[in-house]
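Only the coordinates and a few stated rules stand behind these numbers; no lab work does. Since this is a predicted model, take the numbers as computed values, not measurements. Ideal geometry is used to build each Cβ from the backbone, glycine not excepted, and the neighbour counts take in all protein chains shown.
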Amino acid sequence: DPEALRVIAQEFIHPRIKLVVALHYWPDHEDSFSKAFTGYKSYPVRALNQSEISSLVRKATEGSATRYTDGFIEALEDLTGGRPGEISGICYSLMSDDNAKLICRKENVDQIMSLDFDKLTTASSPFSSFLSQLLEAYRSIYLGITEEMKVFIKELAKNDGISIEQADQNIASYLLDTTLIKKDEQRGLYRINGTLFKKYILEEAVKKYRN
């Protein structure tokens, strides 16, 4: 929302306030963001690899009893596609939940993938609350893209990828910048980036939205 960006930028312009605004990158909004935040420094945050995810979550809990197994880190990369906001939110929610985990394992990620999305909105735990917010963000993103992009994303999800050679490169390039899809050079495919987003597309978007 360009107007919301403008209000945020003007509201917090003060020499004693250091403002950090973290937004999911969306190419169509880049000009609006640049105009609203003239004078601010902008740093694009790409998807993290497994080593970077390990550093992010383990350094944040140094000195505490919380531990993350290597299997959890690997599964977390697959789940989130390496998007920092999703990684931080899931880890924080696991620690804040009534059944807070001192040792986070791959099984905890598997449990996330087995959840019924339709029941999350009635749950009150921090973990369910975060996932509900994340699904709403996915929904907003999906409903905000072009019809051609919706078809492209659904095809990626249903077929586990589209050949790089056969894909519309303009659409692919746009979506790659958002980190919602990835380029699998080894298999020669564009694929959905993150199994949680893929689960949303298959269970929510494909069933609930005809377009």
* Structure fact -> The ³J(HN,Hα) series, computed from each phi in the range 56-73 with the Karplus coefficients 6.51, -1.76 and 1.60 at θ = phi - 60°, rounded to the nearest Hz and given as x for glycine or proline, is 4, 7, 6, 5, 5, 10, 4, x, 9, 7, 6, 9, 10, 6, 4, x, 5, 4
* Asked: Cα-Cα over 29 Å: which of 59/119; 106/183; 119/198?
  -> 59/119
* Asked: Taking the Cβ-Cβ separation of residue 50 and residue 7 as r and a Förster radius of 30 Å, what is the calculated FRET efficiency to the nearest 0.05?
  -> 0.20
* **By average C-beta atoms within 10 angstrom, highest first, the peptides 170-178, 82-90** => 82-90, 170-178
* FRET E, pair residue 133, residue 166, Förster distance 41 Å, beta-carbon r, rounded to 0.05 -> 0.70
